[in-house]
Amino acid sequence: MIILIASQKGGAGKTTIATNLAAKIATNYDVLLLDADRQPSATEWCVERKSNYPDRPRVHCVQRYDDIEDTLDDLKDRYAYIVVDSPGRDSIEMRTAMLVADIVIIPARPSQTDLNTIPAVSRIINQSKKINPSVKIFGLLTMASTNSQVKEAKEAAEFFSDFPSIPLLDVVISDRKIYRDNMSEGLSVIETGNLSGSATKAKEEIESLYKEIFGGN
Amino acid sequence: MAIKRSKDVEALKQQFINNVDVDTSLNNLTKLSNDQLVDQFVSISQQAALFQGRILSELRTRFGNDDRKFGEYISTTILSDIPSHTRTRLMNLAVFFERELLKQKRGYPI
């Protein structure tokens, strides 16, 4: 199964979602993290993970650029799951991965600049569905404020309702330092030894994301 | 509905891929938004980091197993301005990429 994490804008938390999801999948399945972004943050995470935590569930990593359709087509038979981290813009990598992906997750911050990209993403998705009609698409709000007084996430969810081609997941990924700390360590928040309230909530967010996408499998 | 033949699908695919909206040439900076300029800056910085890692890695191999001599040499150059943990991170990244490239060239399964 190929899961593409895609957005038209950098800084939406694609790599955070890709690495945390890959590490969660790795607890039960053979998973490959394909870094298609020339800003190789996912690869850096893999390097750190391999070096700092060699005993953690293995997340295989590889970098591929440009047209990655054939690569994904080949690799999908070798791994139960492939998570693709694509560049934060409309790119050949994103489009070619969309042609073979089973699931596309589109992270977006609940900010005007991120939401402004959604109409264009929606158009690209509609085009890709002509070639890959079975692909499942999900929008995902990321880096939401943990301050309950800030209603941005709710407003962003209303914005998404205008784009039925991108159904929004219920789970919202919040802006938490624990995500950044674990990224630089090569860990997932589900693996952290941090017992703080924020770490627990981050863990719940990733578990919920996994359940919502895969239906609790 | 007309059934699409394989050559039609291929043409549709090519059209879809060719429609990609990228223009990262430095000649067209004026056309980019502020956010796109920032993204491009970060992208180029990251690519530079990979090259820096490869250069450091090459330099390191010239000192064999002698960490001390390598450290002494670095201390006499402008590279001493880069913290040692940053140098190590850059080299690790470069080594990782080199290994993957080698595997690819040799046709090893990933």
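Read-outs: derived from the displayed coordinates by stated rules, not from any lab. The structure presented is a predicted model; accordingly, all values stated were derived computationally and were not measured. Glycine also receives a Cβ, built like all others from the backbone with ideal geometry; neighbour counts cover every protein chain displayed.
Once R0 is set to 51 Å, what does the formula 1/(1 + (r/R0)^6) return for the Cβ-Cβ distance between A:ALA157 and B:ASP67, expressed as a FRET efficiency to the nearest 0.05?
0.40
When B:SER80, A:SER161 are ordered from fewest to most other Cβ atoms inside 10 Å of their Cβ, what list results?
The order, fewest Cβ neighbours first, is A:SER161, B:SER80.
For chain A, which DSSP H helices look membrane-span-like by this rule: Cα extent along the axis of 24 Å or more and mean Kyte-Doolittle of at least -1.0?
Helices meeting the span and hydropathy rule in chain A are A:197-214.
Using a cut-off of 20 Å between alpha-carbon atoms, which lysines can reach B:LYS13, once sequence neighbours fewer than 8 places away in the same chain are excluded?
Answer for B:LYS13, where 20 Å is the Cα cut-off: A:LYS76, A:LYS129, A:LYS130, A:LYS136, B:LYS4, listed by chain and number.
Using helices alone, I'd like the mean residue ellipticity at 222 nm for chain A: each DSSP H run of four-plus residues gives -39500 (n - 2.57), total over residue count, nearest 500.
Calculated mean residue ellipticity at 222 nm is -12500 deg cm²/dmol.
Please state the shape class of the protein assembly as shown: rounded when a/c is under 1.5, otherwise prolate if a/b exceeds b/c and oblate if not, all from the C-alpha gyration tensor.
Since a/c reaches 1.5 and a/b is larger than b/c, the shape of the protein assembly as shown is classed as prolate.
With a cut-off of 8 Å between alpha carbons and a minimum separation of six or more residues, what is the relative contact order of chain A in percent?
25
Output wanted: per-residue J couplings in Hz (rounded whole) for the stretch A:138-149, from phi through Karplus 6.51 cos²θ - 1.76 cosθ + 1.60, θ = phi - 60°, x for Gly and Pro.
Per residue, the Karplus-derived 3J(HN,Hα) values read 9, x, 9, 7, 10, 6, 6, 5, 7, 7, 5, 6 Hz.
Taking 0.36 nm per residue of sequence separation and subtracting the Cα-Cα distance, how much length would be gained by fully extending the chain between A:LYS129 and A:ASP175, in nm to one decimal?
Here the segment from A:LYS129 to A:ASP175 would lengthen by 13.4 nm.
Going Cα to Cα from A:LYS203, which aspartates and glutamates come in below 19 Å? Please leave out same-chain ones fewer than 8 positions away.
A:ASP170, A:ASP175, A:ASP181, A:GLU185, A:GLU191, A:GLU212
Separation between the B:VAL9 and B:GLN46 pseudo-spin-labels, each 7 Å from Cα along Cα→Cβ, expressed in nm?
Those two pseudo-labels are separated by 3.2 nm.
Where the centroid of each part is defined by its Cα atoms, how far is the stretch A:141-215 from the stretch A:1-42 in Å?
Each part's Cα centre sits 14 Å from the other's.
Give me, ordered by chain and number, the residues 5 or more places off A:GLN63 or on other chains with an amide H under 5 Å from its own placed amide H.
It is A:ASP35, by chain and number.
Under 16 Å between alpha carbons, and skipping anything fewer than 8 positions from A:LYS9 in its own chain: which aspartates and glutamates qualify?
Partners within reach: A:ASP37, A:ASP85, A:ASP90, A:GLU93, A:ASP114, B:ASP21, B:ASP23, B:ASP35, B:ASP39.
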